[in-house]
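Input: a single structure, listed below in structure tokens.
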Amino acid sequence: DKKCVLSGSWRNELGSNMTISAVNAEGGFSGSYLTAVTATNKRILVSPLKGSQNHKSQRKQPTFGFTVSWTFSNSVTVFVGQCFMDDNGEEILKTMWLLRQEVRSPGADWKATRVGTNVFTRIK
Ligand code: B9F
């Protein structure tokens with residue numbers, strides 16, 4: 001039975017690209033993320049990501065999480081998701097994310113977090 005493997009290159013429905021390194025024995029991985037979108041006119045740069053996969057008994061469809069620390073802004077996005085084998089035998093990552101923006105004061109906290117979903121497919 002084919003297992004869903006996180007390492008490799010992926011693209012989401014926005015056109016963002018990420019590359020994930022090999023997953024180590026502890027489930028840890030790193031990689032890089034190039035977002036296709038930004039809500040400001042900042043110049044987009046490649047940003048590093050760090051994450052971990054739940055490794056208990058080498059699941060076929062593992063859960064994982066990773067953080068992208070944006071190099072071109074004072075914000076971070078955390079993703080959580082699961083690596084699935086779809087009906088065509090293709091790997092697909094279903095994720096949800098929280099984007100935390102830097103704000104000036106606690107009173108602005110209410111508007112500091114965005115939420116969404118992204119679906120990634122492997123770049124071949
Ligand atoms: O647009 C974000 C940003 C942070 C501070 C100024 C600009 C950084 C890029 C986030 C990319 C998101 C989407 N790309 C993707 O692939 S991460 C989740 C989505 N999936 C202005 C203030 C806060 C946001 C915009 Fe900004």
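Here, each number is a calculation from the coordinates, and none is a lab measurement. Not measured: the values here are computed from a predicted model. When we count neighbours, we look across all protein chains shown, and the Cβ atoms used for this are built from the backbone with ideal geometry, even at glycine.
Of the trypsin sites (Lys or Arg not before Pro) in segment 62-111, which ones lie in a loop per DSSP and count no more than 11 other C-beta atoms within 10 Å? Don't skip to the end; give the middle numbers.
Working: sites: K94, R100, R104, K111; in loops: R104.
Those that pass, being in a loop and sparsely packed, are R104.
Among the aspartates and glutamates, which have Cα under 17 Å from the Cα of K111 when same-chain residues fewer than 8 positions away are ignored?
Within the straight-line cut-off, K111 pairs with E102.
List the lysines whose alpha-carbon lies under 22 Å from that of K2, not counting same-chain residues fewer than 8 positions away?
Candidates past the 8-residue exclusion: K56, K60, K94, K124.
What residue among V68, P106, S16 has its Cα farthest toward the positive end of the dipole of the chain, where the charges are +1 on Lys, Arg and -1 on Asp, Glu, each on the Cβ?
Value: P106.
In nm, give the distance between the simple-model label positions of R122 and V37, each being 7 Å from the Cα along the Cα-to-Cβ direction.
A separation of 2.6 nm, rounded to one decimal place.
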